1. Under 23 Å from B:M208 (Cβ atoms), away from DNA strand D (no atom under 13 Å from the Cβ), more than 14 Å from chain A (Cβ to nearest Cβ) and open to solvent by 10 Å² or more (accessible area, probe 1.4 Å), is that true of B:Y103?
2. If you go through the range A:120-138, how many residues are in contact with a Gly (Cβ under 8 Å, 6 or more places away or on another chain) and part of a helix (DSSP H, G or I)?
3. Within the range A:1-18, how many residues turn out to be more than 10 Å from every other protein chain (Cβ to nearest Cβ), more than 19 Å from A:K45 (Cα to Cα) and open to solvent by 50 Å² or more (accessible area, probe 1.4 Å)?
4. From the list A:I41, A:I69, which one is more than 21 Å from A:L220 (Cβ to Cβ), open to solvent by 50 Å² or more (accessible area, probe 1.4 Å) and of a type in the set (A, V, I, L, M, F, W, C)?
5. Considering the range B:150-169 alone, what residues qualify as being in contact with a strand residue (DSSP E or B) (Cβ under 9 Å, 6 or more places away or on another chain) and within 11 Å of DNA strand C (Cβ to nearest atom)?
6. Of the residues that sit in the range B:179-190 and are assigned to a helix (DSSP H, G or I) and either buried (at least 16 other Cβ atoms within 10 Å of the Cβ) or acidic (D, E) (or both), which one is farthest from DNA strand D (Cβ to nearest atom)?
7. In the list B:A167, B:A151, B:A160, which residue meets the criterion of being open to solvent by less than 70 Å² (accessible area, probe 1.4 Å), near DNA strand D (Cβ under 9 Å from one of its atoms) and either assigned to a helix (DSSP H, G or I) or assigned by TED's automatic domain parsing to the domain that holds B:A224 (or both)?
8. Any residue in the range B:28-53 that is in the same structural domain as B:K77 (by TED's automatic domain parsing) sitting within a Cβ distance under 9 Å of a residue that is open to solvent by 30 Å² or more (accessible area, probe 1.4 Å) and polar (S, T, N, Q)? List the pairs, counting only those 6 or more apart or interchain.
2 protein chains.
Amino acid sequence: MRVLIVEDDPLHRSYLHEAVRAALPECDMVVEAENGQSGEIEARKSRMEHVVMDLQMSERNGIEAARTIWRERPDTKILFWSNYSDEAYVRGVSRIVPEGATYGYVLKSASDERLKLALRSVFVESQCVIDREVRGIQQKSLGNAHGLTDAEYEILVDVALGLTDKAIAQRKRLSLRSVQNRLQQLYEKLDVYDLPDDGMEGWYNLRMRAVAVALLRKVLNSSALERAERELRDSGSR
Amino acid sequence: MRVLIVEDDPLHRSYLHEAVRAALPECDMVVEAENGQSGEIEARKSRMEHVVMDLQMSERNGIEAARTIWRERPDTKILFWSNYSDEAYVRGVSRIVPEGATYGYVLKSASDERLKLALRSVFVESQCVIDREVRGIQQKSLGNAHGLTDAEYEILVDVALGLTDKAIAQRKRLSLRSVQNRLQQLYEKLDVYDLPDDGMEGWYNLRMRAVAVALLRKVLNSSALERAERELRDSGSR
DNA sequence: CTTTGTCTTGCGGGAACCCGCAGATTTTGC
DNA sequence: GCAAAATCTGCGGGTTCCCGCAAGACAAAG
């Protein structure tokens, strides 16, 4: 068995290396990459079928790297190992995992034991392992208690990029009014109408406030914004 | 000499511990804290005069912890050790460092050698050590080439929180028009008028776009937003 | 004292946003 | 196959935003 480690922090990288060695004695080769860019290249070159991947790296983050790896070989087993369980990351991962692929999501705050268990479960048993906490976020994100629909999320991203209603309507092939409808749903779900103190109406610019709340709740994060910005520029110049 | 380490990542914490031991043989006591909250308490309890502090921790981040520590003992020497050199962090740090205090700012990507040198310089020689890259950000942030004035930055934060022009005017004791003036300066400095492709006017909601650009350029980050949000709620309920 | 520059404030208008209402269209459940 | 529910769409209005124009306030330089 051969394992590829993609992680930009040297300390964490060597810790991971150690953990892989300990948890997977049948592993006879460990390759390290220090960002998503070189991670993709390494995976392609060596046809790696087992990857441990950090999210949030410079150059190219884990989600993008994982997407291209899976696009080339959908049976690759990937264990995500991340600091945070931001809804934006969780949503980003579930968005790209192909049909029937096996993957895992473990937080860096998890114990040694949990990490090693996850390594064995995912790589040897081909079993999906999602950290308890991450699972919670996933649930909330899907069950529309306070979670956003995909449609709503897309609108949120477009708004956050600074696009006009009209521009969004054009991009999404919708009428102006439909975009505004979606926006209103968004405002409700994000509790934008909650005022800090009553007696102050008109204190919030709803559009901006919605994005602020999304950022504070980690529904959006800057990494997701960067990704969206790049897509926007690409599609714009096409 | 006694040193307090405030860092939430266990790996980095023990690495730091090691580095302190190696660089400062005269140090006879090292205390560790795993977030800003307990860092403050520990500093107060043990009257620590030397602190190594991570920025970006949960609970209470490094900037807030440093502020309260410095408020109680302005002669405390603090070495910030951070992953990023976001303008938001750099600005946040320079905003709270008291008159004549000695501090340092080193990136985690720096070499072993650089870290140890910084430890000695700051703690023993009482000399300020600012990482080259961070220094660059500082310059750019002050020299108004593309840097924002404090006034502009404050407006930016208020806008990013989702406040209306009127609300900002009231908070800042300005007229409506003055707020809008500052906003326009902001729009120019953030190049909001740059269109991805020409022939599309009215594609951007300037207010939102300005915040998006600020986030993408790391002039703002979510940690700064969280801080501002807390201040807003506090001042609102007062 | 005058001049020049920066900062503030008011006015006014065009554009974008927010949203209730109501009809048309699509999706869903049975 | 049909009714209920959810979505999409156009209209109209009230509000906020964006910004050019211009008049006052204040400080620094000539």
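1. On the way: under 23 Å from B:M208 (Cβ atoms): no; away from DNA strand D (no atom under 13 Å from the Cβ): yes; more than 14 Å from chain A (Cβ to nearest Cβ): yes; open to solvent by 10 Å² or more (accessible area, probe 1.4 Å): yes.
It is false that B:Y103 is under 23 Å from B:M208 (Cβ atoms), away from DNA strand D (no atom under 13 Å from the Cβ), more than 14 Å from chain A (Cβ to nearest Cβ) and open to solvent by 10 Å² or more (accessible area, probe 1.4 Å).
2. 2
3. Going through the range A:1-18 one residue at a time, the tally reaches 1.
4. On the way: A:I69 fails: open to solvent by 50 Å² or more (accessible area, probe 1.4 Å).
Selected residue: A:I41, the only one of A:I41, A:I69 that is more than 21 Å from A:L220 (Cβ to Cβ), open to solvent by 50 Å² or more (accessible area, probe 1.4 Å) and of a type in the set (A, V, I, L, M, F, W, C).
5. Residues of the range B:150-169 in contact with a strand residue (DSSP E or B) (Cβ under 9 Å, 6 or more places away or on another chain): B:161-164, B:167.
B:G162, B:T164 - these are the residues of the range B:150-169 that are in contact with a strand residue (DSSP E or B) (Cβ under 9 Å, 6 or more places away or on another chain) and within 11 Å of DNA strand C (Cβ to nearest atom).
6. Taking the range B:179-190 as the starting set, the residues that turn out to be assigned to a helix (DSSP H, G or I) are B:179-189.
Pick out the ones that are also either buried (at least 16 other Cβ atoms within 10 Å of the Cβ) or acidic (D, E) (or both) and you get B:179, B:182-183, B:186-189.
On the way: B:V179: 8, B:R182: 10, B:L183: 5, B:L186: 9, B:Y187: 5, B:E188: 9, B:K189: 12 Å.
Across the range B:179-190, the extreme among qualifying residues is B:K189.
7. Numbers: B:A151 fails: near DNA strand D (Cβ under 9 Å from one of its atoms); B:A160 fails: near DNA strand D (Cβ under 9 Å from one of its atoms).
Within the list B:A167, B:A151, B:A160, the selection yields B:A167.
8. Within 9 Å, the pairs are B:E32/B:S14; B:N35/B:S58; B:G36/B:S58.
The values are calculated or read from the model by the stated rules, or taken from the named source; none is laboratory data. Everything quoted here is computed from the prediction, not taken from an experiment. Note that we place each Cβ from the backbone using ideal geometry, even for glycine, and neighbour counts take in every protein chain shown. These accessible areas exclude ligands, DNA and RNA; they are computed on the full protein's heavy atoms, side chains included. Shrake-Rupley method; radii C 1.70, N 1.55, O 1.52, S 1.80 Å.
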